[in-house]
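For reference, the structure is listed below as structure tokens.
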Amino acid sequence: MASDEGTVRVDSWIWSVRLTKTRSMAATACRGGHVRVNGERVKASHAVRTGDEVRLRLAGRERIVVVSRLVRKRVGAPVAVECYVDNSPPPPERLGPAEVARRDRGAGRPTKRDRREMDRLRSRGDAAPAPGAGGSGDA
């Protein structure tokens with residue numbers, strides 16, 4: 001399961017410690033230049049050793065980890081956390097869901113006047129009015 005001697009391919013190690021969901025995703029990240037070992041872009045076949053710093057850019061977030069243990073096979077999450085020291089910056093805060101205008105229950109379909117008001121509220125943040133909202137002749 002674990003081996004502290006020798007080296008392991010970087011794509012295999014990234015997948016084994018659960019930084020990516022699949023090994024092919026790890027290899028694709030390497031091919032795209034999103035993986036750096038000790039500051040240098042590397043291919044998927046690059047050998048990683050204990051003490052190396054691995055930087056992985058994935059889904060808009062950069063993960064910075066230092067290899068503390070080499071693993072060749074995928075391991076469970078509790079074991080995976082022991083295989084590296086995470087120096088990553090905290091993830092950006094997630095925005096909550098946008099508020100959606102609600103109509104009273106049983107109010108039925110919106111009238112033309114209600115529709116125009118909803119369109120006006122929607123297009124307030126836009127530079128141009130929404131299609132069909134406030135065209136010519138709405139004075």
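A few comments on the model shown:
- Within the stretch 54-106, the ratio Rg/Rh, alpha carbon atoms throughout and Rh by Kirkwood, equals 1.32.
- Length available on full extension from Glu40 to Arg61: 0.36 nm per residue minus the Cα-Cα distance, which gives 5.7 nm.
- Partner lysines for Lys73 [C-alpha distance under 22 Å; skip if fewer than 8 residues away on the same chain]: Lys21, Lys43
- Across the stretch 65-76, computed HN-Hα scalar couplings (Karplus, 6.51 cos²θ - 1.76 cosθ + 1.60, θ = phi - 60°) run 10, 10, 5, 10, 8, 8, 9, 9, 10, 5, 10, x Hz from first to last residue, x flagging Gly and Pro.
- Couplings 3J(HN,Hα) for the stretch 41-51, derived from phi with the Karplus relation 6.51 cos²θ - 1.76 cosθ + 1.60 (θ = phi - 60°), are 5, 10, 7, 4, 8, 4, 7, 10, 10, 4, x Hz, where x marks Gly and Pro.
- Of the accessible area of the stretch 10-130, computed with a 1.4 Å probe over protein heavy atoms only, carbon and sulfur atoms account for 49 percent.
- Close amide H contacts of Leu58 (hydrogens built in the peptide plane, cut-off under 5 Å, sequence separation of 5 or more or a different chain): Arg63.
- Spin-label pair Asp114/Thr28, simplified geometry with 7 Å Cα→Cβ offset, distance in nm: 4.4 nm
- Normalised by 2.2 N^0.38 Å, with N the number of residues, the alpha-carbon radius of gyration of the stretch 1-108 equals 1.44.
- DSSP-loop GluC sites (Glu not before Pro) across the stretch 1-74, with at most 11 other Cβ within 10 angstrom: Glu5
The values are calculated or read from the model by the stated rules, or taken from the named source; none is laboratory data. The structure presented is a predicted model; accordingly, all values stated were derived computationally and were not measured. With ideal geometry, Cβ positions are generated from the backbone for all residues, glycine too; neighbour counts draw on all protein chains shown. These area figures cover heavy atoms from the full protein model, side chains too; ligands, DNA and RNA do not enter into them. Shrake-Rupley method; radii C 1.70, N 1.55, O 1.52, S 1.80 Å.
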